[in-house]
Amino acid sequence: MKNSNTKYLIWLWAILLGPVLCIFLVLTLVGLEAFGPLPDVHELVNPKNNLATIVYSGDMKIIGKYYSENRVNVDFKDLDKDIVEALIATEDARFYEHSGVDVKALGRSVFGVFTGGKGGGSTITQQLAKMMFPREKLSKPALIVRKFKEWIIATRLEKYYTKEEILALYLNKFDFLNLAVGIKSAAQIYFNRNQDSLKIEQAAMLVGMAKNPSFFNPIRFEERTQLRRNVVLSQMVKYGYLEKSKYDSLKVLPLGLNFHPEDHNEGLATYFREYLRDNFLNNWCKNHINPNTGKPYNIYKDGLKIFTTIDSRMQLYAEEAVNEHMADLQKLFSKECLNKRNAPFAWNVSKQEIENMMYASMKRSDRYRLLKEAGMNEFQILGTFKKPAKMKVYSLKGEIDTVLTPYDSIKYYKSFLQTGFMAMEPQTGYIKAWVGGINHKHFKYDHVKVSKRQVGSTFKPFVYALAIQEGLSPCHQVPNVKTCITGEDGKDWCPENSDGPNDKNVGKMITLKRALALSINYITAWVIKQYGPRAVVDLCHRLGITSEIPEVPSICLGTPDISVFEMVGATATFVNKGTYIQPTFITRIEDQNGKVLEEFIPNTDEVFSEEKAYAMVQLMRGVVDGGTGTRLRTRYKLYNPIAGKTGTTQKNADGWFMGLTPELVAGVWVGGEDRSIHFNSMVEGQGASMALPIWGKFFNKVYADKSLKVSQGEFPKPAVYDPNLDMDCSKLDDNIMEEPVEENEFD
C-alpha cells in the first residue's frame, strides 16, 4: 500500500513538475543556442533600425524626409503621457511589475500555442522582441522554440534597458501603416501633431492600432477603428488612468483625422528637397564614410539630420504667391490658345518644328526609356505613343481622369506655363525660399537651379555695373541713338529699341539711371561698346555666374541662358556692399546622435567697392520708381525702397523680374517648356506681367508676417561716399517721354 502511495506521489509530482522541468530544460538549451543563435548583447543595446534622414528648415521645422522606413526616434521624455498610459492599460497592465515575461500570463500563452488558439499574454517587452527580431511562418514545434527565444530576448531587453526606454523603443519601432513607422511619424501623418501633444482620444486610436494595424486602419476602416479606440479608453478607465465621466464624453467623438500622408511630391519645398537629395546629398554620402558600418552614409537608413537655410514661412508664402499668380496667368494663356493655330505653340511655328519638339520630348520620357530597355525598336515605341490610354492628368482644379494618347498628353502638358522663384538673404547667402515649378508631381524639372533660360534685360545691370565700376555715375548722360558694333566676323551688330521708329526719345540725351529704368537698348549697346564683351563676361563670372556666356556684343541685351539661382546670387552682390556671397541652402549635417559631420560656409569675393555697389542699387531703384517695374508701387502698394529689373526675351518666350530690398533679394522666371510656347501680346508676355506679380505677392505676404522681422527701411548708405553717385538725375531727364513703359526685346 505504501509503495503504491509512493508510486502515485511520484506520478503526481512528475505530472506537476514535468512541464516546468521541460520548459526549464528547453529554455536552458535555447539560452545555450542549441536551437540556433540568439542576438548578442551588442544587437540588443544597439538595435538595427532604418532611420529616416530629416530635413529641417532654418526655423527648425521638419520640411522633408528621405527614408526606406519613415521612422524618426524620440526619447521617452518626448512622449505624450496619454499614449504611454493607454499602451500600458491596453497591452500590459503589469508592465512595471514583471521582468519581461508575465508569469501569470505564461499559461495562457503556452496553452494558446498548443491548442491552436490565439494565445495571448505577451508583454510589451515580448512584443518589442517580436518587432526587433521578426519571426517567419513556422511549424508549431518551431513556433514553440521561437516563443522561448522571445522570452529570453525579452528578459535580456529588461536587463539592458529601463522600462521607459523599452516603451520608447516599442513606440519608435511599431509600424502604424501609411508610411508611418514610429509614433512621431504616426502622430504627424494621422493628426498633423507632434507626438508630445496628442489629445487623449488620438493617443487611444494609435494604441488601438497595435492589436492589428491592417484590421484597424483608420483610413480604410474608420468605424471599427473608432470602436477599438473606445476599448482602449475603457481600459484606461479600468486601470485608473481616465475618469469614467470623461470616457463617456470621449467615446462619442469621431476619430478627427487630419491625414497628412508624407510623399516627396507633397508638403513644402518639393523642388528644393528633390534637388537637395538628388544633386547634393547623394554625392555627399558617396564621399563620407559612416564609422558604424564602414560604408558610405545612406540617406535612407542612417538617420542623418540636414539643416537647411529655407524659412518655412517664407517658403509657404512663395508657394502661395506662385500658385495664385500662375493660376490666373494660365487661364489667360489657355484662353489665348483656344483661337491659336498650332496651340500651345506659336502660330508661326511650322509643323516640322512641332514634330521635332514632340519627338525630342517623347525620347526624354520614362515611357520611351522603359520600352527601349524592354527591347522594343523605335518604330514600335513611337507607335505606342499614338494609342489611347486611361490616365490621370494635372489641371488647375486638381487631377482629372481622362483618356488620351501619350502623344497628346505630352502636348497637353506643354500647354502649361512654368516658373522658378528664389529668395535669398544677401548678407549671408542663405536661400529662404525655392519654388522650382507649378506642381512637382506632374512637372519634375526644377526651374531654379537646373533650368537655364535667356535672361533678357535682367542682364543689363551687369553691363551698367561695369560702367559704374569704371567711373561713370548713374547721372552720366548718353545720346539715345543707334549704336553699331563690329564683330570679329566683320559684320555690324546694330540693335533696335523695342519701340523702333515709334520711340519718341530717340536722339535725346538720357542718363544711365533713366536708360536702365526704361530698358533702352541703344544705351546698353553704347555701354558694352565702351568696355567690350570680355570685360562683361569676366565681371559676370566674379558675380558667381558659371553658365557659359559667349564673348559677343549681343550678351548686353540678355542672350545668355542663366539659372534663377545664379541671377539671384549675382544681383544680391549689389545689396551686400559689393561682396559676392555664394547662395547657400545648407548649414550643417549631423548624424543620428547629433554629432556634426560637416558645416558649410559660403565662398565670397569682393567684386565692387561699397560705394559703387550702392550706386548700382540707386541705379536699379529707378526701374521700380519710374520704369518697367512701377506696378510694384501702383498695383501691389509696395512703397518701401526697392531696386529691380524686368526682363523679356524675344517673342515673350521668357519673362523675368529681379527685385532687391535691404534684407531680401528674390528673382522670378516665367515661360513655357519650349521657347515657341508664349503669349502673342507684349501686354501679357512681358516680364512685368508674367514674373513681377509673383515677386509682389510674395513680399506683401512677407511684410504682413511681423514674426519674420523683414525690414522695409532704406538701403544703408556707405560711410564714405561720393555724392555724384547718389545724385537726383530727374532734372536731367525732364524731356524724356516715359509712357507707355514696356519692356524692350533684344534682337
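We did not get these values from a lab; they are worked out from the coordinates using the rules stated. The model shown is predicted, which means the values in this text are computed figures rather than measured ones. Note that each Cβ is placed from the backbone with ideal geometry, even for glycine, and that neighbours are counted across all protein chains shown.
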**Request:** Starting from the Cα of Glu470, step 7 Å along the direction of its Cβ; do the same at Arg542; then give the gap between the two resulting points in nm.
**Result:** 1.3
**Fill in**
So, with points 7 Å from each Cα along the Cβ direction, the Asn258-Phe215 label distance in nm works out to 3.1
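Work out, step by step, the length gained on full extension between Lys390 and Leu370: first 0.36 nm times the residue separation, then minus their alpha carbon distance; give nm to one decimal.
Working: separation 20, 0.36 × 20 = 7.20 nm, distance 1.85 nm.
Computed gain between Lys390 and Leu370 is 5.3 nm.
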**Message:** If the reach is capped at under 16 angstrom between alpha carbons, list the lysines near Lys645, excluding any in the same chain fewer than eight residues apart.
**Reply:** Lys460, Lys513
**Paramagnetic reach from Lys444 (point 7 Å along Cα→Cβ, amide N under 14 Å) across the stretch 369-412** = 369-371
**Request:** Work out the FRET efficiency for Asp722 and Gln530 from their Cβ-Cβ distance, taking R0 = 22 Å, and round it to the nearest 0.05.
**Result:** 0.65
**Request:** Could you sort out which of Lys414/Lys637; Lys335/Lys651; Lys81/Lys251; Lys147/Lys173; Lys397/Lys444; Lys577/Lys709 sit more than 25 Å apart by Cα distance in this structure?
**Result:** Lys414/Lys637
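Taking R0 as 35 Å, what's the FRET efficiency between Asn292 and Phe76 from their Cβ-Cβ distance, rounded to 0.05?
Taking R0 as 35 Å, the efficiency between Asn292 and Phe76 is 0.90.
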**Message:** Tell me the angle of helix 692-704 to the major Cα principal axis of the chain, expressed in degrees between 0 and 90 and rounded to the nearest ten.
**Reply:** 60
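Could you put Val349, Val720 in order, starting from the residue whose Cβ has the fewest other Cβ atoms within 10 Å? The partial results should precede the final answer.
On the way: Val349 16, Val720 8.
Ranking Val349, Val720 by Cβ neighbours within 10 Å, fewest first, gives Val720, Val349.
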**Prompt:** Helix 81-91: angle to the longest alpha-carbon principal axis of the chain, degrees 0 to 90, nearest 10?
**Reply:** 40
**Request:** Return the long-range amide H neighbours of Gly644 (sequence gap of 5 or more, or a different chain), with a cut-off of under 5 Å between placed amide H atoms.
**Result:** Arg621, Val623, Val624, Leu660
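Hey, with R₀ at 25 Å, roughly what FRET efficiency would Cys484 and Met509 work out to, going by the Cβ-Cβ distance, to 0.05?
Details: r = 19 Å, r/R0 = 0.77.
Once rounded, the FRET efficiency stands at 0.80.
Rounded, prolate or oblate: which fits the chain when a ≥ b ≥ c are the square roots of the eigenvalues of the alpha-carbon gyration tensor, with rounded for a/c under 1.5 and prolate only if a/b beats b/c?
Working: a/c = 2.85, a/b = 2.41, b/c = 1.18.
Prolate is the answer for the chain, as a/c is 1.5 or above and a/b outweighs b/c.
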